[in-house]
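Take a look at this one; I'll ask things after.
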Amino acid sequence: MIIQGKNGSVVFWFRNKIVGSLPLGNHTMEDYYGHRDKLLREALEDVKLKYIKVLMWKGLHALMDGVKEDNNFICMTILCLIKLKQIDPDGVEEGILICPRKKPRRIASQ
């Protein structure tokens with residue numbers, strides 16, 4: 001299910017399937033990046049980077065195998081793995097797609 005905001009949505013896919021989405025409107029992509037950075041900062045205070053990568057991959061695979069669907073957790077996990085350069089944001093099998101709601105206005109040429 002794609003969650004649409006007043007300015008569009010950010011769609012996340014993994015293993016060639018749409019796994020989650022975040023609305024754009026009240027929150028911008030910069031807000032979501034800020035949440036991601038805060039999450040990583042708090043995690044790095046307690047454990048090592050290598051363990052964080054393993055934990056995020058295991059959590060993502062567990063959620064994808066049907067343990068429990070949690071849209072925000074899946075989306076933040078994918079954003080963190082993109083930040084840690086484990087996932088290519090424009091990859092073939094996983095990544096993100098920013099979908100604006102309105103088309104830009106065309107300017108008539110003179």
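Give the range 51-62 a look and list any residue that's without any contact (Cβ under 8 Å) to a residue 24 or more places away in the chain and under 23 Å from E93 (Cβ atoms), or say none. Working first, answer last.
So the first thing to find is which residues in the range 51-62 are without any contact (Cβ under 8 Å) to a residue 24 or more places away in the chain, and the list is 51, 54-55, 58-59, 61-62.
Result: V54, L55, K58, G59, H61, A62.
Does G20 fit the bill of being at pLDDT below 90, in a helix (DSSP H, G or I), among the small types (G, A, S) and surrounded by 13 or more Cβ atoms within 10 Å (Cβ to Cβ)? Write out each step before concluding.
Details: at pLDDT below 90: yes; in a helix (DSSP H, G or I): no; among the small types (G, A, S): yes; surrounded by 13 or more Cβ atoms within 10 Å (Cβ to Cβ): yes.
No, not satisfied.
Residue under question is K53, and the condition is that it be exposed (fewer than 12 other Cβ atoms within 10 Å of the Cβ), over 28 Å from K102 (Cβ atoms) and over 14 Å from the mean Cα position of the chain (by Cα); does it hold?
no
With the requirement that a residue be within 14 Å of C75 (Cα to Cα) and not in a strand (DSSP E or B), what does the range 1-14 give you? Before you say what the answer is, go through the steps one by one.
Here is the first cut: in the range 1-14, the ones within 14 Å of C75 (Cα to Cα) are 1-3, 9-14.
Residues satisfying the conditions are M1, I2, I3.
When residues of the range 23-44 are filtered for being surrounded by fewer than 13 Cβ atoms within 10 Å (Cβ to Cβ) and either in contact (Cβ under 8 Å) with a residue 60 or more places away in the chain or closer than 16 Å to L84 by Cα (or both), how many remain?
Going through the range 23-44 one residue at a time, the tally reaches 5.
Please state which of the following conditions G59 fails to meet, knowing it meets all the rest: (1) touching a Ser or Thr at 6+ places or on another chain (Cβ under 7 Å); (2) not in a helix (DSSP H, G or I).
(2)
Just to verify a result, which residue in the range 88-110, among those that are of a type in the set (A, V, I, L, M, F, W, C) and more than 11 Å from F14 (Cα to Cα), is modelled with the lowest pLDDT? Quick ask: steps written out before the conclusion?
Let us first name the residues in the range 88-110 that are of a type in the set (A, V, I, L, M, F, W, C), namely 92, 96-99, 107-108.
With the extra rule that they be more than 11 Å from F14 (Cα to Cα), the set shrinks to 97-99, 107-108.
Working: L97: 89, I98: 88, C99: 87, I107: 76, A108: 72.
Here the residue is A108.
The values are calculated or read from the model by the stated rules, or taken from the named source; none is laboratory data. Here the structure is a predicted model, which is why all the values come from computation and not from measurement. Here the Cβ is made from the backbone with ideal geometry for all residues, glycine too, and neighbour counts use every protein chain on show.
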